[in-house]
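Below: one structure, written as structure tokens.
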Amino acid sequence: MSDAQKRANAEEELSLSSLLKHAVFDGEGRTLGKLWDVVTRLRENDYPLLSGLVIGLGSAGYFVPMSDVGSMGPQSIRLKTAKVDLRPFQPRDGEVLLKANILGNRLIDVPHSTLVKAYDVRLAPTAIGWLVTGLDVHKGGWLHLGRHEEHPARDWHSFLLLMGDDRSPGVRPSSSRLAMLRPAQIADIIESASSREEHILLAQVHEDPELEADVFEELDDDDQARLLRARGDQEVADLLSRMRADDAADAIMDLAQERRLGILELLSDGQKTKVRALLGYHQATAGGLMGSDFLALSENKTVGDALRAVQSATTHQPEALTTIYTLHDDGTLAGTLTLVRAVQSSPETLLREAADPNLVIASPGDDIITVTTRMADFNLLSLPVVDGQNNLLGIVTVDDALEAAIPRDWSRR
């Protein structure tokens, strides 16, 4: 049964905040107490299915399975039976309580990539039982205080719950849903999260090492340094080994001086070589901004060779592949070929014929203003950085140039 079919009775949706105000009656019409909470379990890529209710009687709450619930309406809840198990309710691993775990708590609004608070939960009857179908995250003005049942709700699948700590034992949301967001969006959410929310988010991204590296690359320098300080040397080295070499070099420089050498030695051999080369440059120069991932081929190769090399460069960031660099026989920089121009050229064309020999370059010591101005003047997506002998040392990509040029208070906004 599809989600659309399950939501066929959307007009019959009930508001949890409304239900919590009303009484619960047994099968003979006697008042048992009030609804304290609703128990459900998360289902991957589907609406949660209600498993039972927690009914409050005096100072205790007891569990009633949904199989014993006869009806639920805006004014009351009626059970099928007069017999109930009065043993105090104890949540089991994996169970989610809609009031305790969701209502009033923050969660991720996926379409808007931000944290919002859940003010109400919508429930709907279907052929397979009652489902959690939507959430109300509309705060409302003073005229609607306490009347969230009148607010329009949004689909449950538009949100990600922040669960998996001591408030929700046994509930471990998968990082696969978090991966629906871009790393930069996840980083922004982490930067605006509380300590508890940050802990949960970091635990989820840690399940996907590549995603974790991408997120740490996007974090604000201060937050990145703070989070790395809390980790052991080996854990930091494992993370930095998966990051771009230029970002890893910046992260090492933000660590305490007594930790830098030890962590550097723990890096993978290939990453260690790249990072060591980058650490020799000041962060506010072309050398400090450049990355060591780029595509450079002999000018005697063909355009077809270059395009196949682009296809194989799966570990390079896409921004580093917007330009193909050609080299003379002695290894020095000969020319540049944009990816678009390469796609539009005949595969048999030699790179020396297709590439532009009029080079626009930077020296390692050029400052940020020089780099960004040069890239803007020539409409470049990447700028090659060369030494005094015209050897290609690295490239500055437009995303890194923008990040370095934007004032700190702007980037926080």
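The values are calculated or read from the model by the stated rules, or taken from the named source; none is laboratory data. All values derive from a computational prediction rather than experimental measurement. FYI the Cβ positions are ideal-geometry reconstructions off the backbone, even for glycines, and counts take in every protein chain you see. Protein only, heavy atoms only, side chains kept; ligands, DNA and RNA dropped before computing areas. Shrake-Rupley method; radii C 1.70, N 1.55, O 1.52, S 1.80 Å.
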> Could you give the accessible area per residue of the chain, probe 1.4 Å, as a whole number in Å²?
Replying inline: 50
> What accessible surface, in Å², does a 1.4 Å probe find on Phe378, ignoring ligands, DNA and RNA and rounding to the nearest 10?
Replying inline: 120
> Which percentage, to the nearest 5, of the DSSP beta bridges contained in the chain is antiparallel?
Replying inline: 90
> Per the 1.4 Å probe, what fraction of the accessible area of the chain, in percent, lies on carbon and sulfur atoms?
Replying inline: 51
> Taking the Cα centre of the range 343-408 as the origin, how large is its charge dipole in debye, to the nearest 20, when only Lys and Arg (+1) and Asp and Glu (-1) carry charge on their Cβ atoms?
Replying inline: 60
> To the nearest 20 debye, what charge dipole does the chain have about its Cα centre, counting +1 at the Cβ of each Lys and Arg and -1 at the Cβ of each Asp and Glu?
Replying inline: 2020
> How much mean residue ellipticity at 222 nm does the chain get from its helices, if each DSSP H run of length 4 or more adds -39500 (n - 2.57) and you divide by all residues, to the nearest 500 deg cm²/dmol?
Replying inline: -9000 deg cm²/dmol
>> Going by amide H atoms built from the backbone, whose H comes under 5 Å of the H on Ser298, apart from near neighbours?
In response: Leu327
>> If I histogram all Cα-Cα distances within the chain using bins 10 Å wide from 0, what percent of pairs lands in each bin?
In response: 4, 18, 22, 17, 14, 12, 8, 4, 1, 0
> In terms of the Cα gyration tensor, with a ≥ b ≥ c the square roots of its eigenvalues, is the range 332-413 rounded because a/c is under 1.5, prolate because a/b exceeds b/c, or oblate?
Replying inline: oblate
> Across the range 57-66, in residue order, what do the Karplus-derived ³J(HN,Hα) couplings come to in whole Hz, using 6.51 cos²θ - 1.76 cosθ + 1.60 with θ = phi - 60° and x for Gly and Pro?
Replying inline: 9, x, 9, 10, x, 10, 9, 10, x, 4
> Roughly how many Å is it from the Cα centre of the range 313-334 to that of the range 188-233, as a whole number?
Replying inline: 31
> Do the alpha carbons of any pairs in Lys34/Lys83; Lys117/Lys139; Lys21/Lys99; Lys34/Lys80; Lys21/Lys83 sit beyond 19 Å of each other, and which pairs?
Replying inline: Lys21/Lys83
